[in-house]
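A.B. asks: Handing you this structure, nothing more for now.
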Amino acid sequence: MTVWILKSTLLLTAFYAFFMLFMRKTTFFRFNRIVLLAGTAACMLLPLIKFNIGSAAAMLGLHAPDVVLQLPQIVLTEVPAAGSPSGEVETGGSFNWSLLLTAIYVTGCAAALTFSASSLLRILRLIRKNPGTAYRECKVHTPASVTHSFSFMNHIVMSRSDYGNHPEILLHEYMHTRLRHSVDVLFMSLVCALYWFNPLVWIMLSELRMLHEYETDEAVLKHGIDATQYQLLLVRKAVGDRRFLIANSFNHCKLKNRITMMQKLKTSKWARLAYIACLPLFALILSSSSAEDLQSTPSDTGVPAANELITTPADQQEVIRYADVEVKPKFNGGDVNDFTKWVFSHLEYPQEARKAKITGRVTVQFTINTDGSLSDITVLAGPHETLNNAAVSAISQAPSSWTPGYEDGKPVAVSYVMPILFQLRNE
């Protein structure tokens with residue numbers, strides 16, 4: 001969930017920034033509206049799709065570095081005096097920051113949803129208390145308490161004076177309902193609830209409302225309404241209370257922009273191709289973030305890429321990397337941090353390496369078999385043989401206390417990669 005939020009936020013930020021810089025002032029009102037909504041949905045869905053970057057690079061004749069998932073890193077620090085080594089396991093502090101951030105995020109989502117829901121409830125209450133009259137495929141409500149017109153779904157709410165004196169306003173609100181602008185606003189309100197922490201999302205909700213007004217004004221003028229008289233009517237209706245924020249209001253606050261767009265020359269149709277520039281931008285973001293929980297390893301280690309299935313020749317059993325297995329393996333009923341702590345408690349800093357002041361990170365790969373045992377313990381990279389052997393020795397002592405991983409309801413072997421950092425006290 002966290003990874004999806006972060007990746008989709010990055011995509012949305014890039015897409016919205018592109019729109020604000022290059023497409024905001026074009027006259028492709030309907031096209032921009034469709035692309036904005038479709039692009040938002042794409043930015044939210046793309047992080048859920050797994051891209052095999054290594055295979056794509058191979059097709060292009062390029063080399064993609066192998067990647068492997070790592071467990072929490074163990075840091076073993078040498079002790080000056082004789083005795084057992086000391087160190088730490090990098091599994092996070094005692095305070096649960098993840099829980100705090102989750103609580104803040106959920107609170108923000110709830111607040112944003114409450115904000116939108118309150119506006120929606122006021123609209124529904126107003127419509128329910130004031131039965132409307134039919135107008136084409138819509139209903140027009142004229143409660144005495146309303147002074148400014150707005151529309152929501154197939155309902156138009158107008159003041160009684162506007163209903164009797166200004167058919168342009170009725171046509172304007174009808175075009176909102178016909179173009180289904182309320183559906184757009186509801187969708188973007190949900191997006192704002194999910195990404196409430198991103199100011200660009202709220203800005204784009206405002207920009208979408210402006211696109212609605214531009215599109216509706218254009219449709220009204222195509223029905224033969226005099227542009228000058230229509231603009232004067234907008235000016236007269238410019239000041240008012242906007243209590244129903246989730247609805248489409250005739251009295252939109254950004255009046256100057258609407259009048260400017262009515263008078264602006266049409267943008268060249270070729271300018272629509274500018275959106276193509278977003279495609280390589282999306283590809284770059286996805287390719288750079290696909291290894292967010294992975295770490296690159298040297299390509300000459302002889303280890304299969306972590307995004308591939310590893311096959312054991314002895315029994316042709318698939319060994320799946322930890323990131324891809326459906327149900328994760330557990331050590332003594334706990335998570336990977338429990339195994340990390342167990343390995344740390346059995347690690348010793350070799351005296352030979354300590355005297356020679358040898359330090360560095362040892363990266364060990366091993367397989368959790370379906371019977372809970374470990375096998376194929378291999379050093380992928382390490383600074384010195386003594387440190388490599390110490391890391392392998394500690395992991396080899398692990399009991400067969402693993403609950404295997406499961407894929408499609410069947411136990412499977414799972415490949416892990418564990419980094420162990422040996423360092424001296426003065427370093």
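A.B. asks: Out of the residues in the stretch 45-60 that are open to solvent by 30 Å² or more (accessible area, probe 1.4 Å) and part of a helix (DSSP H, G or I), which is modelled with the highest pLDDT? Step through it out loud before you land on a result.
C.D. replies: Here is the first cut: in the stretch 45-60, the ones open to solvent by 30 Å² or more (accessible area, probe 1.4 Å) are 45-46, 48-53, 55-56, 58-60.
Cutting the leftovers down to part of a helix (DSSP H, G or I) gives us 45-46, 48, 53, 55-56, 58-59.
Numbers: L45: 91, L46: 86, L48: 83, I53: 49, S55: 47, A56: 47, A58: 44, M59: 46.
Selected residue: L45.
A.B. asks: Looking only at the stretch 141-170, which residues are aliphatic (A, V, I, L, M) and either more than 19 Å from Y230 (Cα to Cα) or modelled with pLDDT of 90 or more (or both)?
C.D. replies: Initial filter on the stretch 141-170 (aliphatic (A, V, I, L, M)): 144, 146, 153, 156-158, 169-170.
A144, V146, M153, I156, V157, listed by residue number.
A.B. asks: I need a count of the residues in the stretch 345-368 that are on the phi > 0 side of the Ramachandran plot and either of a type in the set (F, W, Y) or open to solvent by 30 Å² or more (accessible area, probe 1.4 Å) (or both).
C.D. replies: Taking the stretch 345-368 and keeping what is on the phi > 0 side of the Ramachandran plot, we get 357, 360.
Subsequent filtering for residues that are either of a type in the set (F, W, Y) or open to solvent by 30 Å² or more (accessible area, probe 1.4 Å) (or both) retains 357.
Total meeting the criteria: 1.
A.B. asks: Report, ordered by the first and then the second residue, all pairs with beta carbons closer than 9 Å, sequence separation of six or more or different chains, a first member in the stretch 369-397 that is touching a residue at least 60 places away in the same chain (Cβ under 8 Å) and open to solvent by less than 50 Å² (accessible area, probe 1.4 Å), and a second member that is part of a loop (DSSP other than H, G, I, E, B) and of a type in the set (A, V, I, L, M).
C.D. replies: L380/V303
A.B. asks: Filter the stretch 331-344 down to residues that are within 23 Å of E407 (Cβ to Cβ) and in contact with a helix residue (DSSP H, G or I) (Cβ under 8 Å, 6 or more places away or on another chain) and give me whichever is least open to solvent (accessible area, probe 1.4 Å). Break it down stepwise before answering.
C.D. replies: Taking the stretch 331-344 as the starting set, the residues that turn out to be within 23 Å of E407 (Cβ to Cβ) are 331-339.
Now narrow it down to the ones that are in contact with a helix residue (DSSP H, G or I) (Cβ under 8 Å, 6 or more places away or on another chain): 331-332.
On the way: F331: 4, N332: 103 Å².
Looking at residues that are within 23 Å of E407 (Cβ to Cβ) and in contact with a helix residue (DSSP H, G or I) (Cβ under 8 Å, 6 or more places away or on another chain), I get F331.
A.B. asks: Which ones in the stretch 382-399 are closer than 21 Å to R321 by Cβ and either at pLDDT below 85 or touching a helix residue (DSSP H, G or I) at 6+ places or on another chain (Cβ under 9 Å) (or both)?
C.D. replies: G382, A391, I395, A398, listed by residue number.
A.B. asks: Sort out which residues of the stretch 270-285 are within 18 Å of L45 (Cα to Cα) and among the hydrophobic types (A, V, I, L, M, F, W, C), and write them in order of number.
C.D. replies: Scanning the stretch 270-285 gives C278, L279, L281, F282, A283, L284, I285.
A.B. asks: Quick one: which strands (runs of 3 or more DSSP E) sit completely within the stretch 127-189 and have at least 2 residues that are open to solvent by 50 Å² or more (accessible area, probe 1.4 Å)?
C.D. replies: In the stretch 127-189, the matching strands (runs of 3 or more DSSP E) lie at 133-135.
The values are calculated or read from the model by the stated rules, or taken from the named source; none is laboratory data. Being a predicted model, the structure only gives us computed values, none of them experimental. When we count neighbours, we look across all protein chains shown, and the Cβ atoms used for this are built from the backbone with ideal geometry, even at glycine. These accessible areas exclude ligands, DNA and RNA; they are computed on the full protein's heavy atoms, side chains included. Shrake-Rupley method; radii C 1.70, N 1.55, O 1.52, S 1.80 Å.
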